[in-house]
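Laboratory data are not the source of any read-out in this text; all were calculated from the coordinates shown. Predicted model, so just to flag it, every value in this text is computed and none were measured. Glycine gets a Cβ as well: all are built from the backbone with ideal geometry, and neighbour counts include every protein chain shown.
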Amino acid sequence: MFERTPEYFPGKSDKRVRNCGLRLVSFALRPVRFLPSFFTENHRTVCNNTYRFSRRLFYCVTSEMPLQLAAMEKDVDINKVIRQHAEMEDFFTGGFAVKGKNSVPQQPEQQDNAAAAEAAGELEKIADEVHRCRKCDLGSLRTNAVPGEGNANARILFVGEAPGADEDAQGRPFVGRAGKLLDKVIAAMGLKRSDVFIANILKCRPPENRDPRADEIISCFPSLQRQIEIINPQIIVALGAPAARTLLNTNKSIGQLRGQFHEYYAGLGRAPIKLMPTYHTAYLLRNYSEENRKRVWEDMKKVLAELGLPVPEPGKK
Ligand code: URA
């Protein structure tokens with residue numbers, strides 16, 4: 001219980017006059033909080049400020065009431081009154097406080113960063129699933145699964161066939177000889193490996209680098225489909241026949257498919273993604289003719305043009 005002090009309890013008539021005066025002022029000020037909303041665009045801020053002001057005034061007027069009530073009426077539970085009073089204060093702040101992350105307006109750059117971080121997180125989840133996957137026999141034959149790597153916001157997604165020996169050993173895509181040549185193709189396009197995303201149709205190495213089997217593709221393809229959905233690239237470059245055929249659901253040869261844009265069906269309600277098939281860099285290494293290199297370069301120039309990116313001239317940095 002509180003201590004009564006004589007100064008705290010002025011004479012009855014003084015109290016009545018003061019309380020009456022303060023209530024009148026409070027009552028007279030009540031409409032003020034509504035006025036700014038009619039006259040200002042930024043009415044929410046002004047309204048809140050005005051409301052805060054009138055709340056303080058209201059608090060001043062009422063803050064002594066529990067004490068006075070307790071002094072006048074002995075039966076009143078002072079703790080209860082104070083609790084109610086505190087709850088009322090909480091009601092004011094709670095009602096007007098901005099709550100939840102969605103209500104804070106974000107700058108476009110912040111939104112981009114947040115979206116990129118979210119996409120990277122989703123890709124991580126897929127990579128974790130791929131590392132644990134045992135849907136086909138390759139899961140027990142691999143050294144490492146190779147989920148893919150790169151920029152979660154990439155405009156270009158390169159898709160190969162399946163990891164080879166080097167990729168299986170390191171758990172990273174295109175790190176062997178074919179990968180070094182792919183690095184050169186990406187650099188010739190004026191890009192860095194970290195600008196693009198690189199993945200494969202199969203996430204595990206088939207024994208002796210044999211061709212992927214249909215049942216393996218059926219088990220593994222959903223992971224790539226989800227990666228494509230998350231990255232949402234503007235262009236997919238399919239490296240070699242197995243990648244192009246799987247992504248386009250066709251039996252045509254890579255010779256028939258390469259050199260022109262096709263459409264990857266990205267699912268109901270989603271826009272199709274442009275897809276450029278080209279020769280696999282492993283094929284280029286085996287058939288390293290000027291003609292073949294020229295063909296791949298022609299295909300990549302079309303990709304750059306489609307993205308509105310400059311085509312670097314050979315020999316110029
Ligand atoms: N060949 C592929 O198709 N993918 C790789 O990751 C490496 C070589």
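Rounded to the nearest angstrom and ordered from largest down, what semi-axes does the equivalent ellipsoid of region 126-223 get from its C-alpha gyration tensor (root of 5λ)?
The equivalent ellipsoid of region 126-223 has semi-axes of 23, 14, 11 Å.
For Val237, which sequence-distant residues (separation of 5 or more, or a different chain) have an amide H within less than 5 Å of its own amide H, given hydrogens modelled in the peptide plane?
Placed amide hydrogens put Leu157, Phe158, Val159, Met276 under 5 Å from Val237.
Need the full-extension length gain, Arg213 to Arg293, defined as separation in residues times 0.36 nm minus the C-alpha distance. One decimal, nm.
25.9 nm
Work out the charge dipole of region 108-307 with +1 on the Cβ of Lys and Arg and -1 on the Cβ of Asp and Glu about the Cα centre, then indicate which of Met189, Leu141, Thr281 is farthest towards its positive end.
Of the candidates, Thr281 comes out farthest on the positive side.
Estimate the FRET efficiency between Ala187 and Gln260 by the formula 1/(1 + (r/R0)^6), using the beta-carbon distance for r and 30 Å for R0, to the nearest 0.05.
Using R0 = 30 Å, I get an efficiency of 0.80.
Relative contact order of region 180-317, please, whole-number percent, based on alpha carbon pairs below 8 angstrom and at least 6 residues apart.
In percent, rounded to a whole number, it is 23.
Binning every alpha carbon pair distance of region 185-317 at 10 Å from zero, what are the percents per bin?
Pair shares across the bins are 11, 40, 37, 11, 1.
Return the subset of Lys135/Lys302; Lys135/Lys294; Lys180/Lys301 for which the Cα-Cα distance in this structure is over 30 Å, preserving the input order.
Beyond 30 Å between Cα atoms: Lys135/Lys302; Lys135/Lys294.
If I model a spin label at Arg286 and Lys301 as a point 7 Å from the Cα along the Cα→Cβ vector, what separation in nanometres do I get?
2.7 nm
Nearest 0.05, what FRET efficiency do Arg177 and Gln111 give at R0 = 35 Å with Cβ-Cβ as r?
For Arg177 and Gln111, the calculated efficiency is 0.30.
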